[in-house]
1. Any residue that is out of contact with any Leu (no Cβ under 7 Å at 6 or more places or on another chain), modelled with pLDDT of 90 or more and over 18 Å from Gln193 (Cα atoms) - is there at least one of those in segment 125-137?
2. Can you name the residue in segment 313-349 that is without any contact (Cβ under 8 Å) to a residue 40 or more places away in the chain and either of a type in the set (A, V, I, L, M) or not assigned by TED's automatic domain parsing to the domain that holds His303 (or both) and, of all such residues, is surrounded by the fewest Cβ atoms within 10 Å (Cβ to Cβ)?
3. Name the residues in segment 93-105 that are crowded, with 20+ Cβ neighbours inside 10 Å and either at pLDDT 90 or above or not assigned by TED's automatic domain parsing to the domain that holds Val130 (or both), would you?
4. Being of a type in the set (A, V, I, L, M, F, W, C) and farther than 27 Å from Leu39 by Cβ, is that true of even one residue in segment 225-243?
5. What's the number of the condition Arg159 fails, among (1) away from the ligand (no atom under 16 Å from the Cβ); (2) buried (at least 19 other Cβ atoms within 10 Å of the Cβ); (3) in a loop (DSSP other than H, G, I, E, B)?
6. Just to be sure I understand the filter: pairs with C-beta atoms under 8 Å, separated by 6 or more residues or on different chains, first member in segment 44-59 and more than 17 Å from Arg18 (Cβ to Cβ), second member within 6 Å of the ligand (Cβ to nearest atom) and assigned to a loop (DSSP other than H, G, I, E, B). Which pairs pass?
7. Among the candidates Ser175, Ser200, Ser148, single out the residue that is surrounded by 23 or more Cβ atoms within 10 Å (Cβ to Cβ), out of contact with any Pro (no Cβ under 9 Å at 6 or more places or on another chain) and among the polar types (S, T, N, Q).
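The values are calculated or read from the model by the stated rules, or taken from the named source; none is laboratory data. Please read all numbers here as calculations on a predicted model, not as lab measurements. Heads up, the Cβs are rebuilt from the backbone with ideal geometry, glycines too, and the neighbour counts pull from every protein chain shown.
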Amino acid sequence: MQQAVANRKGTHQAVSVRLEGIVKKFGKVTAVEKVDLELPAGKLVTLLGPSGCGKTTILRMVAGLERPTEGRILFGGEDVTRLPAYLRDITMMFQSYALFPHMNVYQNIAYGLEVTRRPKEEIRERVAEVVRQVGLTGLEERPVAALSGGQQQRVALARSLVMQPRVLLFDEPLSNLDAKLRKRVREEIRDIQQELGITSLYVTHDQEEAMAISDLVVLMNKGVIEQQGDPRTLYTKPISRFAADFIGRANFFEGYYSGGLLQVGTYSQPHQQEGISGRVTVMVRPEALRVSREGEGLEGTVHLVSFLGSSTEFSVDTAVGRLEGVVAGDAPELPGRGEKVRVQFAPQGTFLLPG
Ligand code: ATP
(Lines give C-alpha, C1' and ligand atoms only; values in the text may rest on other atoms or scores of the structure.)
Protein backbone atom coordinates (compact mmCIF):
# COMPACT_ATOMS: atom_id res chain seq x y z
CA MET A 1 0.00 0.00 0.00
CA GLN A 2 1.42 3.39 -0.97
CA GLN A 3 1.06 5.56 2.11
CA ALA A 4 3.98 7.85 2.72
CA VAL A 5 5.34 10.44 0.34
CA ALA A 6 8.30 12.68 1.09
CA ASN A 7 7.09 16.20 1.68
CA ARG A 8 8.69 19.08 -0.10
CA LYS A 9 11.02 20.05 2.70
CA GLY A 10 12.23 16.48 3.04
CA THR A 11 12.38 16.92 6.83
CA HIS A 12 9.92 14.14 7.43
CA GLN A 13 7.50 11.91 5.58
CA ALA A 14 3.92 13.01 4.99
CA VAL A 15 1.56 10.18 5.84
CA SER A 16 -2.00 9.46 4.88
CA VAL A 17 -4.55 9.09 7.67
CA ARG A 18 -7.38 6.59 7.39
CA LEU A 19 -10.46 6.25 9.53
CA GLU A 20 -12.19 2.90 9.08
CA GLY A 21 -15.69 2.29 10.40
CA ILE A 22 -15.28 4.78 13.23
CA VAL A 23 -18.07 4.92 15.80
CA LYS A 24 -17.93 7.00 18.98
CA LYS A 25 -20.52 6.76 21.72
CA PHE A 26 -20.65 8.78 24.91
CA GLY A 27 -23.09 6.74 27.01
CA LYS A 28 -26.33 6.85 25.06
CA VAL A 29 -25.17 9.64 22.73
CA THR A 30 -23.73 8.49 19.40
CA ALA A 31 -21.42 11.38 18.47
CA VAL A 32 -19.92 9.67 15.40
CA GLU A 33 -21.64 6.95 13.41
CA LYS A 34 -19.66 4.71 11.04
CA VAL A 35 -17.29 7.20 9.51
CA ASP A 36 -14.88 6.10 6.77
CA LEU A 37 -12.48 8.80 5.76
CA GLU A 38 -9.12 9.16 4.06
CA LEU A 39 -6.78 12.13 4.45
CA PRO A 40 -4.36 11.89 1.54
CA ALA A 41 -0.70 12.42 2.45
CA GLY A 42 0.25 16.09 2.47
CA LYS A 43 -3.29 17.40 1.94
CA LEU A 44 -5.47 19.63 4.07
CA VAL A 45 -8.87 18.14 4.87
CA THR A 46 -11.58 20.11 6.63
CA LEU A 47 -14.35 18.73 8.79
CA LEU A 48 -17.25 21.12 8.35
CA GLY A 49 -20.72 21.07 9.85
CA PRO A 50 -23.12 22.54 12.37
CA SER A 51 -22.55 22.47 16.10
CA GLY A 52 -22.75 18.99 17.58
CA CYS A 53 -22.29 17.07 14.29
CA GLY A 54 -19.20 15.26 15.59
CA LYS A 55 -16.30 17.23 14.07
CA THR A 56 -14.35 17.79 17.26
CA THR A 57 -14.89 14.21 18.38
CA ILE A 58 -13.30 12.94 15.15
CA LEU A 59 -10.38 15.34 15.53
CA ARG A 60 -9.84 14.22 19.10
CA MET A 61 -9.87 10.57 18.05
CA VAL A 62 -7.22 11.27 15.40
CA ALA A 63 -5.22 13.09 18.10
CA GLY A 64 -5.54 10.15 20.47
CA LEU A 65 -7.48 12.15 23.07
CA GLU A 66 -10.57 9.96 22.63
CA ARG A 67 -10.70 6.23 21.94
CA PRO A 68 -13.18 5.12 19.22
CA THR A 69 -15.96 2.80 20.37
CA GLU A 70 -15.54 0.89 17.09
CA GLY A 71 -13.23 1.09 14.11
CA ARG A 72 -9.57 1.73 13.37
CA ILE A 73 -7.35 4.75 12.73
CA LEU A 74 -4.26 4.31 10.57
CA PHE A 75 -1.33 6.67 10.04
CA GLY A 76 0.47 5.65 6.86
CA GLY A 77 -0.71 2.07 7.26
CA GLU A 78 0.23 1.85 10.95
CA ASP A 79 -2.69 1.14 13.25
CA VAL A 80 -2.60 3.89 15.89
CA THR A 81 -6.06 3.27 17.36
CA ARG A 82 -4.63 2.29 20.73
CA LEU A 83 -1.57 4.52 20.65
CA PRO A 84 -1.70 7.33 23.23
CA ALA A 85 -1.62 10.93 21.99
CA TYR A 86 1.99 11.61 22.95
CA LEU A 87 3.24 8.73 20.79
CA ARG A 88 1.28 9.69 17.68
CA ASP A 89 3.56 12.42 16.45
CA ILE A 90 0.79 14.96 16.00
CA THR A 91 0.39 18.56 17.05
CA MET A 92 -2.82 20.43 17.58
CA MET A 93 -3.71 24.10 17.31
CA PHE A 94 -6.65 25.59 19.19
CA GLN A 95 -8.40 28.93 19.16
CA SER A 96 -6.73 29.86 22.43
CA TYR A 97 -3.07 29.87 21.55
CA ALA A 98 -2.02 28.68 25.01
CA LEU A 99 1.31 30.46 24.66
CA PHE A 100 3.48 31.10 27.71
CA PRO A 101 2.98 34.82 28.32
CA HIS A 102 6.18 35.32 30.35
CA MET A 103 8.34 33.82 27.58
CA ASN A 104 9.49 35.41 24.36
CA VAL A 105 8.79 34.15 20.84
CA TYR A 106 11.94 32.02 20.65
CA GLN A 107 11.35 30.40 24.03
CA ASN A 108 7.73 29.60 23.23
CA ILE A 109 8.66 27.92 19.96
CA ALA A 110 11.66 26.08 21.42
CA TYR A 111 9.77 24.81 24.47
CA GLY A 112 8.58 21.49 23.01
CA LEU A 113 12.05 20.61 21.77
CA GLU A 114 13.65 21.52 25.10
CA VAL A 115 11.20 19.29 26.95
CA THR A 116 12.26 16.42 24.70
CA ARG A 117 15.92 17.32 25.41
CA ARG A 118 17.06 17.89 21.83
CA PRO A 119 20.64 19.16 21.46
CA LYS A 120 20.98 22.97 21.77
CA GLU A 121 22.34 23.39 18.23
CA GLU A 122 19.48 21.39 16.69
CA ILE A 123 16.93 23.45 18.64
CA ARG A 124 18.48 26.69 17.40
CA GLU A 125 18.43 25.52 13.79
CA ARG A 126 14.91 24.17 13.87
CA VAL A 127 13.49 27.25 15.57
CA ALA A 128 15.28 29.55 13.09
CA GLU A 129 13.80 27.55 10.21
CA VAL A 130 10.18 27.77 11.41
CA VAL A 131 10.55 31.41 12.45
CA ARG A 132 11.44 32.10 8.83
CA GLN A 133 8.64 29.89 7.48
CA VAL A 134 5.92 31.67 9.45
CA GLY A 135 7.39 35.14 8.88
CA LEU A 136 8.40 36.02 12.46
CA THR A 137 12.01 36.89 11.71
CA GLY A 138 13.19 39.76 13.89
CA LEU A 139 10.60 39.13 16.59
CA GLU A 140 12.40 36.25 18.34
CA GLU A 141 13.16 38.26 21.49
CA ARG A 142 9.74 39.88 21.76
CA PRO A 143 7.57 38.76 24.73
CA VAL A 144 4.50 37.06 23.25
CA ALA A 145 2.24 39.32 25.31
CA ALA A 146 3.51 42.20 23.15
CA LEU A 147 2.40 40.61 19.87
CA SER A 148 -0.77 41.16 17.85
CA GLY A 149 -3.40 38.41 17.65
CA GLY A 150 -2.22 37.40 14.19
CA GLN A 151 1.42 37.22 15.31
CA GLN A 152 0.49 35.14 18.36
CA GLN A 153 -1.35 32.75 16.07
CA ARG A 154 1.83 32.45 13.99
CA VAL A 155 3.86 31.66 17.09
CA ALA A 156 1.34 28.93 17.89
CA LEU A 157 1.72 27.57 14.35
CA ALA A 158 5.51 27.74 14.59
CA ARG A 159 5.40 25.88 17.89
CA SER A 160 3.45 23.11 16.17
CA LEU A 161 5.65 23.00 13.08
CA VAL A 162 8.92 22.88 15.00
CA MET A 163 7.95 19.46 16.32
CA GLN A 164 7.84 18.19 12.72
CA PRO A 165 4.59 16.33 13.31
CA ARG A 166 3.31 13.61 11.01
CA VAL A 167 -0.14 15.17 11.22
CA LEU A 168 -1.19 18.72 12.01
CA LEU A 169 -4.58 19.17 13.67
CA PHE A 170 -6.53 22.42 13.84
CA ASP A 171 -9.53 22.88 16.12
CA GLU A 172 -11.28 26.10 15.01
CA PRO A 173 -7.98 27.97 15.32
CA LEU A 174 -9.28 31.29 14.02
CA SER A 175 -12.54 31.71 15.86
CA ASN A 176 -11.36 34.42 18.22
CA LEU A 177 -9.81 36.62 15.53
CA ASP A 178 -11.78 39.41 13.87
CA ALA A 179 -13.07 38.87 10.32
CA LYS A 180 -10.22 40.58 8.45
CA LEU A 181 -7.48 38.94 10.45
CA ARG A 182 -9.21 35.58 10.18
CA LYS A 183 -9.02 35.83 6.41
CA ARG A 184 -5.33 36.76 6.46
CA VAL A 185 -4.29 34.09 8.93
CA ARG A 186 -6.21 31.37 7.10
CA GLU A 187 -4.32 32.29 3.92
CA GLU A 188 -1.05 32.06 5.84
CA ILE A 189 -1.96 28.67 7.27
CA ARG A 190 -2.84 27.43 3.80
CA ASP A 191 0.35 28.84 2.35
CA ILE A 192 2.59 27.21 4.94
CA GLN A 193 0.68 23.93 4.86
CA GLN A 194 1.08 23.76 1.08
CA GLU A 195 4.74 24.67 1.22
CA LEU A 196 5.52 22.05 3.84
CA GLY A 197 3.06 19.42 2.63
CA ILE A 198 2.02 18.26 6.09
CA THR A 199 -1.09 16.11 6.27
CA SER A 200 -3.63 18.30 8.08
CA LEU A 201 -7.09 17.95 9.55
CA TYR A 202 -8.94 21.18 10.22
CA VAL A 203 -12.23 21.62 12.07
CA THR A 204 -14.49 24.58 11.39
CA HIS A 205 -18.16 25.45 11.19
CA ASP A 206 -17.37 28.34 8.80
CA GLN A 207 -18.05 27.19 5.25
CA GLU A 208 -16.14 30.03 3.62
CA GLU A 209 -13.06 29.21 5.68
CA ALA A 210 -13.41 25.53 4.72
CA MET A 211 -13.72 26.35 1.03
CA ALA A 212 -10.77 28.73 1.10
CA ILE A 213 -8.18 26.47 2.69
CA SER A 214 -9.10 22.87 1.86
CA ASP A 215 -8.05 20.28 -0.64
CA LEU A 216 -10.99 18.22 0.54
CA VAL A 217 -14.07 19.31 2.51
CA VAL A 218 -15.93 16.72 4.57
CA LEU A 219 -19.40 17.94 5.40
CA MET A 220 -20.88 16.28 8.48
CA ASN A 221 -24.45 16.05 9.68
CA LYS A 222 -25.48 14.38 12.94
CA GLY A 223 -22.44 12.13 13.26
CA VAL A 224 -22.29 10.95 9.65
CA ILE A 225 -20.57 12.25 6.53
CA GLU A 226 -23.18 13.97 4.39
CA GLN A 227 -20.86 14.64 1.45
CA GLN A 228 -17.16 14.99 0.76
CA GLY A 229 -15.29 16.46 -2.15
CA ASP A 230 -13.17 19.34 -3.31
CA PRO A 231 -14.70 22.76 -2.57
CA ARG A 232 -15.83 23.31 -6.17
CA THR A 233 -17.70 20.00 -6.36
CA LEU A 234 -19.44 20.61 -3.07
CA TYR A 235 -20.54 24.02 -4.22
CA THR A 236 -21.71 23.05 -7.69
CA LYS A 237 -23.02 19.52 -7.07
CA PRO A 238 -24.48 19.27 -3.58
CA ILE A 239 -26.14 15.89 -3.01
CA SER A 240 -28.82 17.17 -0.66
CA ARG A 241 -30.61 20.27 0.45
CA PHE A 242 -28.61 20.19 3.67
CA ALA A 243 -25.35 20.28 1.68
CA ALA A 244 -26.61 22.99 -0.68
CA ASP A 245 -27.83 25.08 2.21
CA PHE A 246 -24.75 24.70 4.37
CA ILE A 247 -22.25 25.49 1.63
CA GLY A 248 -22.89 28.89 0.10
CA ARG A 249 -26.24 30.57 -0.33
CA ALA A 250 -28.99 29.17 -2.50
CA ASN A 251 -32.59 29.59 -3.59
CA PHE A 252 -34.77 26.49 -3.44
CA PHE A 253 -38.09 25.97 -5.20
CA GLU A 254 -40.14 23.28 -6.89
CA GLY A 255 -39.83 22.38 -10.53
CA TYR A 256 -40.34 19.59 -13.03
CA TYR A 257 -37.57 18.11 -15.16
CA SER A 258 -38.02 15.88 -18.18
CA GLY A 259 -36.52 15.49 -21.65
CA GLY A 260 -33.84 18.13 -21.10
CA LEU A 261 -36.38 20.76 -20.11
CA LEU A 262 -36.69 22.30 -16.68
CA GLN A 263 -40.13 23.70 -15.96
CA VAL A 264 -40.61 26.32 -13.26
CA GLY A 265 -44.15 27.68 -12.99
CA THR A 266 -45.21 28.32 -16.57
CA TYR A 267 -41.64 28.88 -17.79
CA SER A 268 -39.39 26.18 -19.26
CA GLN A 269 -35.70 26.32 -20.08
CA PRO A 270 -33.21 23.75 -21.35
CA HIS A 271 -31.18 22.02 -18.63
CA GLN A 272 -28.79 19.08 -18.63
CA GLN A 273 -28.41 16.84 -15.62
CA GLU A 274 -28.13 13.09 -15.54
CA GLY A 275 -29.84 10.67 -13.21
CA ILE A 276 -32.84 12.74 -12.22
CA SER A 277 -36.31 13.41 -13.62
CA GLY A 278 -39.88 14.25 -12.62
CA ARG A 279 -40.64 16.51 -9.68
CA VAL A 280 -37.47 18.16 -8.43
CA THR A 281 -36.23 20.71 -5.96
CA VAL A 282 -34.36 23.32 -7.95
CA MET A 283 -31.32 24.89 -6.30
CA VAL A 284 -30.12 28.15 -7.81
CA ARG A 285 -27.09 30.04 -6.50
CA PRO A 286 -27.62 33.82 -6.29
CA GLU A 287 -24.98 34.47 -8.96
CA ALA A 288 -26.90 32.20 -11.38
CA LEU A 289 -30.06 34.30 -11.30
CA ARG A 290 -30.33 36.32 -14.52
CA VAL A 291 -32.89 39.07 -14.85
CA SER A 292 -33.91 41.04 -17.91
CA ARG A 293 -36.74 43.37 -18.80
CA GLU A 294 -37.75 41.39 -21.88
CA GLY A 295 -37.54 38.01 -23.50
CA GLU A 296 -38.04 34.54 -22.11
CA GLY A 297 -38.08 33.79 -18.40
CA LEU A 298 -40.07 33.29 -15.25
CA GLU A 299 -42.16 36.40 -14.63
CA GLY A 300 -41.28 38.43 -11.57
CA THR A 301 -41.19 41.84 -9.94
CA VAL A 302 -38.02 43.29 -8.45
CA HIS A 303 -38.46 43.59 -4.70
CA LEU A 304 -35.15 45.12 -3.60
CA VAL A 305 -31.78 46.20 -5.01
CA SER A 306 -28.90 46.74 -2.55
CA PHE A 307 -25.53 48.11 -3.61
CA LEU A 308 -22.79 46.61 -1.41
CA GLY A 309 -19.65 48.00 -3.04
CA SER A 310 -18.02 45.08 -4.79
CA SER A 311 -21.41 43.53 -5.60
CA THR A 312 -25.09 44.34 -5.87
CA GLU A 313 -27.73 42.07 -4.36
CA PHE A 314 -31.31 41.97 -5.49
CA SER A 315 -34.48 40.01 -4.90
CA VAL A 316 -37.35 39.20 -7.23
CA ASP A 317 -40.86 38.05 -6.32
CA THR A 318 -42.04 35.23 -8.59
CA ALA A 319 -44.70 32.50 -8.68
CA VAL A 320 -42.25 30.17 -6.89
CA GLY A 321 -41.38 32.66 -4.17
CA ARG A 322 -38.86 35.43 -3.54
CA LEU A 323 -35.54 34.69 -5.25
CA GLU A 324 -32.23 36.25 -4.21
CA GLY A 325 -29.61 37.22 -6.77
CA VAL A 326 -26.24 38.92 -6.91
CA VAL A 327 -24.15 40.60 -9.62
CA ALA A 328 -20.63 41.99 -9.52
CA GLY A 329 -20.06 45.74 -9.18
CA ASP A 330 -22.75 48.38 -9.08
CA ALA A 331 -24.69 46.94 -12.06
CA PRO A 332 -26.41 50.08 -13.39
CA GLU A 333 -28.26 47.94 -15.94
CA LEU A 334 -30.19 46.08 -13.23
CA PRO A 335 -33.92 46.82 -13.26
CA GLY A 336 -35.03 48.77 -10.18
CA ARG A 337 -37.52 48.10 -7.42
CA GLY A 338 -41.05 47.43 -8.69
CA GLU A 339 -40.03 46.73 -12.29
CA LYS A 340 -41.43 43.72 -14.10
CA VAL A 341 -38.69 41.29 -15.13
CA ARG A 342 -38.04 37.84 -16.58
CA VAL A 343 -35.81 35.48 -14.63
CA GLN A 344 -33.59 32.77 -16.08
CA PHE A 345 -31.31 30.28 -14.33
CA ALA A 346 -27.73 29.98 -15.57
CA PRO A 347 -26.76 26.29 -15.86
CA GLN A 348 -23.48 26.80 -13.90
CA GLY A 349 -25.23 27.55 -10.63
CA THR A 350 -28.43 25.56 -11.12
CA PHE A 351 -28.66 22.07 -9.71
CA LEU A 352 -31.61 19.70 -9.35
CA LEU A 353 -32.23 17.63 -6.25
CA PRO A 354 -34.86 14.91 -5.83
CA GLY A 355 -38.22 16.60 -5.25
P1 ATP B 1 -19.08 22.17 17.92
O2 ATP B 1 -18.92 22.86 16.60
O3 ATP B 1 -20.20 22.75 18.74
O4 ATP B 1 -17.82 21.99 18.68
P5 ATP B 1 -18.89 19.42 16.98
O6 ATP B 1 -19.41 19.15 15.60
O7 ATP B 1 -17.45 19.54 17.14
O8 ATP B 1 -19.64 20.70 17.57
P9 ATP B 1 -18.74 17.34 18.95
O10 ATP B 1 -18.12 18.20 19.97
O11 ATP B 1 -17.89 16.35 18.25
O12 ATP B 1 -19.47 18.25 17.86
O13 ATP B 1 -19.99 16.61 19.62
C14 ATP B 1 -20.78 15.64 18.95
C15 ATP B 1 -21.85 15.12 19.89
O16 ATP B 1 -21.24 14.37 20.95
C17 ATP B 1 -22.66 16.21 20.57
O18 ATP B 1 -23.98 15.75 20.69
C19 ATP B 1 -22.00 16.34 21.93
O20 ATP B 1 -22.91 16.81 22.90
C21 ATP B 1 -21.55 14.90 22.21
N22 ATP B 1 -20.36 14.85 23.05
C23 ATP B 1 -19.11 15.30 22.74
N24 ATP B 1 -18.23 15.07 23.72
C25 ATP B 1 -18.92 14.45 24.73
C26 ATP B 1 -18.59 13.95 26.02
N27 ATP B 1 -17.33 14.02 26.48
N28 ATP B 1 -19.58 13.41 26.74
C29 ATP B 1 -20.83 13.30 26.27
N30 ATP B 1 -21.23 13.76 25.07
C31 ATP B 1 -20.29 14.32 24.29
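1. Looking for residues that are out of contact with any Leu (no Cβ under 7 Å at 6 or more places or on another chain), modelled with pLDDT of 90 or more and over 18 Å from Gln193 (Cα atoms), one finds at least one in segment 125-137, hence yes.
2. Here the answer is Ala328.
3. Correct list: Val105 only.
4. no
5. The one condition Arg159 does not meet is (3).
6. Listed pairs, sorted by first residue: Leu48/His205; Gly49/His205; Pro50/His205; Ser51/His205; Lys55/Gly49; Lys55/His205.
7. Every option except Ser200 fails the conditions.
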